[in-house]
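Every read-out reported here was derived from the displayed coordinates using simple, explicitly stated rules and does not represent laboratory data. As the structure is a computational prediction, the values presented were derived from the model and not from experiment. Cβ atoms come from the backbone with ideal geometry, glycine included; neighbour counts cover every protein chain shown.
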Amino acid sequence: MSLYETIQSDMYKAMKSSDKFKASTLRVALAKLKDKKIDKREELHQNEEIKIIQNLVKQRKEAADIYEKNDRSELMKNEMDELKILSTYLPQMMSEEELSILIKEVISDVGATNMSDMGKVMPEVMKRSEGKADGKMTQTIVSNILQQA
């Protein structure tokens with residue numbers, strides 16, 4: 001079952017159980033997935049579906065941060081609740097240890113020696129992690145390793 005079908009099934013369950021909040025959150029995710037599918041004019045691969053959900057999660061985090069800074073706790077809580085729902089559809093993220101090992105491997109493979117090579121390392125790490133690496137954590141670890149080199 002594709003991620004789209006799973007989310008659709010869960011949305012129907014939420015609708016039947018009168019969980020309006022979850023149903024509306026999943027409806028937004030389905031709309032994004034469907035839009036991308038229509039734009040592409042073919043079925044989405046699992047990695048593409050995951051990237052779309054990751055983007056929605058990232059938007060929720062950013063919105064929650066903005067609401068928190070502006071003392072809008074009720075809106076922040078709303079965004080965080082949506083984030084929790086959407087996060088259940090993402091694969092388990094890599095731990096910091098696993099990510100460090102992968103980054104060191106990539107740095108060795110591409111021959112990176114200093115900070116100017118960060119542009120070579122980052123895309124390769126993100127590609128090899130298959131959507132399981134947090135971008136900010138990856139960037140921090142890569143810059144720390146390259147600064148020590």
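For segment 49-74 and segment 88-149, what is the separation of their C-alpha centers, rounded to whole Å? After rounding, the separation between the Cα centres reads 23 Å.
Springs join every pair of Cα atoms under 10 Å in this Gaussian network model of the chain, and among K58, K37, K69 the largest mean-square fluctuation is at K69.
Counting only Cβ charges, +1 for Lys and Arg and -1 for Asp and Glu, the dipole size of segment 52-115 around its Cα centre is about 160 debye. Per-residue ellipticity at 222 nm computed for the chain from its helices equals -25500 deg cm²/dmol, with DSSP H segments shorter than 4 residues left out and the rest contributing -39,500 (n - 2.57).
Projected onto their three principal axes, the Cα atoms of the chain cover extents of 56, 43, 26 Å, largest first.
Over 30 Å between Cα atoms, which of K32/K104; K37/K127; K20/K61; K13/K36 qualify? Table pairs above 30 Å Cα-Cα are K32/K104. The magnitude of the dipole of the chain, with charges of +1 and -1 set on the Cβ of Lys/Arg and Asp/Glu and taken from the Cα centre, is near 540 debye.
For A133, the residues 5 or more places off, or on other chains, whose built amide H falls under 5 Å of its own are M94.
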